[in-house]
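Single-structure report; data block below.
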Amino acid sequence: MYLVAGMGVIQAVLMIVNAFATRDLFMALHSSRDLPMTALLTLVLATPAIAALQAFSRVRAEAIGQSYSLELRQRLFEAIAGMPTEQRDDRRLGGLSLRFVGDLSAARGWVGLGITRLLSGAIVLPMAGVCLWWLNPTLALAGGAPILLAVVLSLGLGSALNHLHRSLRRRRAGVAIAAMERIGIARELALMNRLPRELGSLERKGAQSAADAVRRVRRVALLRALPSASLGISAAAMLWATSQYDIAVAEAAAALSVLAVLVLPLKEFVGVWDRYNGWCIARDKCRRLVEQAGPVPRLRRQRHAVGIDLDNVSIGGLFLNLTIRPGQCVRIEARDSDQVGLLLEAMALRRSCDAGTIHYGTGGELPMVAYVCDSPTILRGSLRRALTLAAAVRPEDERLKELAADCGLGDLLERVGGLEGRLAEQGRNLLPGERLRLAVAQALTARPDIIVVNSQLWPSLADGGTLLKRLVDSGATLVHALPEAVDAGNSHLLVIQALDREWQVQPPREDISGTDT
């Protein structure tokens, strides 16, 4: 920032040097002497130097803004990652997405083109005023009065920019959020004959946003026009003072050049104030998001099975106290399957329960938990990345293909063209059964400490028992709510059943620790 501001100061110095060179040349012309070569060379060389500094400072200012927005983007994403799942689900996805679009643009503009120009203008403005006074105090008073009046008017008119920015950002965000919400269901809305009404609503919101944008631009254009208008009045006042007080024409010419330098930072200050108001709104939204978020969860792979303690956890109206030993396989059965699903999701995603707490036997550290569900986490990209999304070490391609085939993904490999095949966001180009099998493959490549299975589609898999055995053989602690038929032949199974008033625990036929259950 100091570099860009310094280049702005150097530009102003060169402009003032040009003004004094212009005065020397006018004096030579007035006295019919030869033009001084120093002043002439100064006039020739200073102009391209100013242009080069303007271009370079603009590039560096953009680099500064991009650097700041990059760090802010990372901080905001960490804040969202640290936000509890329930709190994130309560917020609209479009609102969170705007933090990475509109707010970052406002931050980049303020840091790159706002602060730097504010620093340079704060130095150039008094410097130009002193030089103008040095040239001729009478001309400084005559030319400075209209400019001072323009500054006072600008302060009064510029106070409304904050309200205009706030209204514009609110309406623009409303349009963007509403559009994002309807993009994923646009065809469904058309089939419901709802599309014309939704388009009309978006059009009305867009028209209000457009009107606010025009009002803001009108106010900014008026503020920018005031210094330019005052420049003409100041120039006329200086020429009038020159004729009235017999001031040298050379001094008047130099004063007019310095006057242009004096008005330049005033124009820049309008843009600075405009960007600052936009940044204030974005800053408040980003600050609230960061303050609401908790610490980013940092898990540590234990590289061995981890036990789970359920302390007075409510399921189906009954409270369960249970210690699951490391490496144990547990099936939870209850009449209220939705309640069991919520418990499994809380165990996998470390969500809070309505009652009771869930502790992991890791001394406060978060273990590696693989969540096998019907909608696994899939990023747009290659099948290879989807299979190894949670893997600490990516297996070799041949081993990965073999694992995918064992999980029933052989047809998918052929359909998408191997491991390099592209998957859509959240695997939208996959069949439901393929997404579930992909979740199993992700759990096997991750080598987790705990595996949680929460699936409604699993009973429909022809090889569901085989897939579950592969998860059991991984050695991780396994918790699920799959039907009893899927668990056939599992000698380490601990069954938790919800009766009418209490829980019934059926111990495993063979204790994996070698002791009695």
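The values are calculated or read from the model by the stated rules, or taken from the named source; none is laboratory data. Computed from a predicted structure; not experimentally measured. Every residue, glycine as well, gets a Cβ built from its backbone with ideal geometry; the counts of neighbours run over all protein chains shown. Note: accessible area is taken over every heavy atom of the protein model, side chains too, but ligands, DNA and RNA are not part of it. Shrake-Rupley method; radii C 1.70, N 1.55, O 1.52, S 1.80 Å.
A straight chain from ARG380 to TRP133 at 0.36 nm per residue would run longer than the Cα-Cα distance by 82.5 nm.
Around VAL290, with a cut-off of 13 angstrom between Cβ atoms, what is the net charge of the other residues, counting Lys and Arg +1 and Asp and Glu -1? Around VAL290, the charge tally is +2. In whole Hz, what ³J(HN,Hα) sequence does segment 26-39 give by Karplus (6.51, -1.76, 1.60; θ = phi - 60°), x for Gly and Pro? The phi angles translate into 5, 5, 5, 5, 5, 8, 6, 9, 5, 5, x, 5, 4, 5 Hz. Note on LEU40/ALA229: beta-carbon distance plugged into 1/(1 + (r/R0)^6) with R0 of 30 Å gives a FRET efficiency of 0.35. Both radii were evaluated on the Cα set of the chain; the Rg over Rh quotient, with Rh as the Kirkwood radius, amounts to 1.20.
Of all DSSP beta bridges confined to the chain, the antiparallel ones make up roughly 45%.
With r as the distance between the Cβ atoms of GLU78 and THR357 and R0 = 41 Å, compute the FRET efficiency 1/(1 + (r/R0)^6) and round to 0.05. Efficiency computed from Cβ-Cβ geometry: 0.95.
If the segment from LEU202 to LEU366 were pulled out straight at 0.36 nm per residue, it would be longer than the present Cα-Cα gap by 54.6 nm. The value of relative contact order for the chain, using C-alpha pairs under 8 Å at least six residues apart, is 16 percent.
For the chain, the carbon plus sulfur part of the accessible surface works out to 57%, probe radius 1.4 Å. Computed with the Debye formula from one identical point scatterer per Cα of segment 188-242, without solvent, the log10 of I(q)/I(0) at q = 0.20 Å⁻¹ comes to -0.78.
The calculated FRET efficiency for the pair SER31 and ARG58, based on their C-beta separation and a Förster distance of 45 Å, comes to about 0.65. With contributions of -39500 (n - 2.57) from each DSSP H run of at least four residues, the per-residue ellipticity at 222 nm computed over the chain stands at -21000 deg cm²/dmol. In this simple spin-label approximation, LEU349 and LEU153 carry label points 7 Å from Cα along the Cα→Cβ vector, and these lie 5.8 nm apart. All Cα-Cα distances of segment 272-396, cut into 5 Å bins from zero to the largest, leave 2, 8, 13, 16, 14, 13, 11, 8, 6, 4, 2, 1, 1 percent in each bin in turn. Can you check what the net charge comes to around GLY361, using other residues whose Cβ is under 15 Å from the Cβ of GLY361 (Lys, Arg +1; Asp, Glu -1)? After counting each charged neighbour, the total is +1. Taking a point 7 Å from the Cα of LEU222 along the Cα-to-Cβ direction, the residues of segment 140-181 with backbone N closer than 18 Å to it are 149-168.
Against the longest alpha carbon principal axis of the chain, how many degrees, from 0 to 90 and to the nearest 10, is the axis of helix 195-244 turned? Helix 195-244 and the main axis of the chain meet at about 20 degrees. Put simply, the convex hull of the Cα atoms in segment 211-267 casts, on average, a shadow of 4.0 nm². Rounded to the nearest 10 square angstrom, LYS205 shows an accessible area of 70 square angstrom against a 1.4 Å probe.
Residues whose amide H comes within less than 5 Å of that of GLN328, counting only those at least five positions distant or on another chain, are LEU478 (H built at 1.01 Å from N in the peptide plane). A compact globular protein would have a Cα radius of gyration near 2.2 N^0.38 Å; the ratio found for segment 174-278 is 1.99. Accessible area ranking (1.4 Å probe, heavy atoms, ligands and nucleic acids excluded), largest first, for PHE26, PHE77, PHE269: PHE77, PHE26, PHE269.
Taking Cβ atoms as reference points and 12 Å as the exclusive limit, the residues near LEU226 contribute a net charge of +3, counting Lys and Arg as +1 and Asp and Glu as -1.
What the phi angles of segment 365-374 give under the Karplus curve with 6.51, -1.76 and 1.60, with θ = phi - 60°, is a coupling list of 7, 8, x, 7, 10, 9, 10, 9, 9, 6 Hz, glycine and proline written as x. Here's the picture: a label point sits 7 Å out from the Cα of MET1 along the beta-carbon direction, and within segment 90-125 the residues with their amide nitrogen under 16 Å of it are 106-123.
Compared with the dominant Cα axis of the chain, that is its longest principal axis, helix 137-158 is turned about 30°.
The angle between the Cα long axis of helix 337-349 and the longest principal axis of the Cα atoms of the chain comes to about 60 degrees, rounded to the nearest 10.
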